[in-house]
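The values are calculated or read from the model by the stated rules, or taken from the named source; none is laboratory data. Owing to the predicted nature of the structure, the values given are computational and were not obtained by experimental measurement. Methodologically, a virtual Cβ is constructed for each residue, glycine included, from the backbone with ideal geometry; neighbour enumeration extends over all protein chains shown.
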Amino acid sequence: MEGLGFRFREQAGLENLTAEVIKSSAIEGTLFDPEAVRSSVARRMGLPTATETHAGRDVDGAVEMLVDATQNYDKPLTVDRLLGWQSALFPGGRSGMKRILVGGWRTPEMDPMRVVSGPLSRDHVRPKNIHFEAPEAKRLQDEVDQFLKWFESPDGTDPVLRAGLAHLWFVTIHPFEDGNGRVSRAIADMALARAEGTGLRFYSMSTRIAAQKKQYYDILERTQKGTMDVTEWLVWFLTCLDSAIAGAQSSLTRIIQKSSTWERINNTLQVNDRQKRVVNALLDDENPELSTSRYAKLTQCSLDTALRDIKQLVDAGVLEPGPSGGRSTTYRLRQATSPA
């Protein structure tokens with residue numbers, strides 16, 4: 001990573017923090033616009049943004065939590081920080097249409113706090129499948145205090161294992177009405193940053209967890225309903241971490257290509273916001289082909305505007321046309337030579 005140089009390390013941090021915010025939220029069913037997340041992360045990292053995409057308060061809040069967890073990894077984790085993180089996730093005080101408690105622990109009126117699925121049981125009161133029941137609200141302050149004391153006290157635990165244990169412990173306490181999963185994953189990211197001694201992220205754990213979402217919830221449920229033996233959970237966590245690190249090579253190759261492409265573009269052409277969005281889409285998407293109709297759909301513009309924008313990119317050497325001509329012409333990004 002050090003051999004990449006400062007500029008590429010920053011780009012890697014930007015891309016992986018962006019992925020972490022998007023995927024951690026997606027695990028809970030919250031979908032964010034990638035461009036809005038990337039723009040918000042870049043601003044907080046002091047980096048120039050590729051687009052002027054506006055980020056909503058919910059996006060900014062999710063980004064703010066993760067940036068604080070990873071960039072300020074060496075600062076103590078406190079009750080105030082935890083409450084601030086959860087508040088940042090729900091700036092309007094709502095989860096979807098439901099008003100929720102933010103900036104505070106769950107109250108006894110919310111007991112029992114359960115993770116459930118399926119229709120109601122025959123008595124029409126209890127849900128059919130109860131996956132997990134959290135500790136009673138009256139225990140929460142003591143449970144959180146014990147967790148934070150352990151998290152901040154060196155006890156010889158391997159720092160990577162500590163990340164896995166912290167994730168499991170906090171999500172099992174389940175102290176908030178909502179946002180427990182995302183805060184738990186932020187705590188794990190904070191612990192991993194401490195283990196590595198850097199706030200720059202070169203891989204995304206949540207991307208791997210999202211790809212194995214069912215297994216993630218299954219292993220959590222088995223561990224939380226089982227004995228105090230957490231070996232199976234730690235094996236799963238470490239396997240997921242191994243996969244994330246192994247995938248870093250391909251993601252870094254893409255990041256270098258993306259950074260080099262934008263450097264070349266910025267030296268030859270002043271692109272508009274539509275063109276920026278399309279170039280980023282081609283760099284991020286597995287589909288490298290661009291047609292006029294796809295351009296118009298991505299940017300919500302007319303076909304005439306799309307054709308003019310594409311012609312500018314072709315003339316500047318950013319895009320190159322495919323072999324077929326006429327209305328069926330497709331375009332690809334002209335490949336730049338990656339730095340050694």
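To keep it simple, each residue is scored yes or no on (1) over 30 Å from A163 (Cα atoms); (2) not in a helix (DSSP H, G or I).
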| residue | (1), (2) |
| --- | --- |
| W236 | no, no |
| K258 | yes, no |
| T261 | yes, no |
| N266 | yes, no |
| Q270 | yes, yes |
| N280 | yes, no |
| S293 | yes, no |
| L298 | yes, no |
| T305 | yes, no |
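In this entry, V63 passes the filter for residues that are in a helix (DSSP H, G or I), surrounded by 20 or more Cβ atoms within 10 Å (Cβ to Cβ) and not polar (S, T, N, Q).
Within the group L101, L17, L83, L89, which residue is among the aliphatic types (A, V, I, L, M) and under 23 Å from Q249 (Cβ atoms)? Give the steps one after another, and end with the answer.
Details: L101 fails: under 23 Å from Q249 (Cβ atoms); L83 fails: under 23 Å from Q249 (Cβ atoms); L89 fails: under 23 Å from Q249 (Cβ atoms).
The unique qualifying residue is L17.
For region 278-297, which residues satisfy the criterion of being more than 17 Å from I265 (Cβ to Cβ), free of Cβ contacts under 8 Å to residues at least 40 places away in the same chain and surrounded by 15 or more Cβ atoms within 10 Å (Cβ to Cβ)? Scanning region 278-297 gives T292, R294, A296. Picking from residues in region 243-252 that are hydroxyl-bearing (S, T, Y) and without any contact (Cβ under 8 Å) to a residue 40 or more places away in the chain, the one that is farthest from N16 (Cα to Cα) is S243. For region 15-26, a residue qualifies if it is surrounded by 18 or more Cβ atoms within 10 Å (Cβ to Cβ) and modelled with pLDDT of 90 or more, and the qualifying residues are N16, L17, T18, A19, E20, V21, I22, K23, S24, S25. Looking for something in contact (Cβ under 8 Å) with a residue 24 or more places away in the chain, of a type in the set (S, T, Y) and in the same structural domain as L101 (by TED's automatic domain parsing) - is there at least one such residue anywhere in region 162-181? Scanning region 162-181 turns up at least one residue that is in contact (Cβ under 8 Å) with a residue 24 or more places away in the chain, of a type in the set (S, T, Y) and in the same structural domain as L101 (by TED's automatic domain parsing).
The number of residues in region 82-108 being touching a Lys or Arg at 6+ places or on another chain (Cβ under 8 Å) and touching a residue at least 12 places away in the same chain (Cβ under 8 Å) comes to 5. Inspect all residues belonging to region 89-112 and state whether any of them is polar (S, T, N, Q), at pLDDT below 95, within 21 Å of the chain's Cα centre (by Cα) and at negative phi. The answer is yes, given that some residue of region 89-112 is polar (S, T, N, Q), at pLDDT below 95, within 21 Å of the chain's Cα centre (by Cα) and at negative phi.
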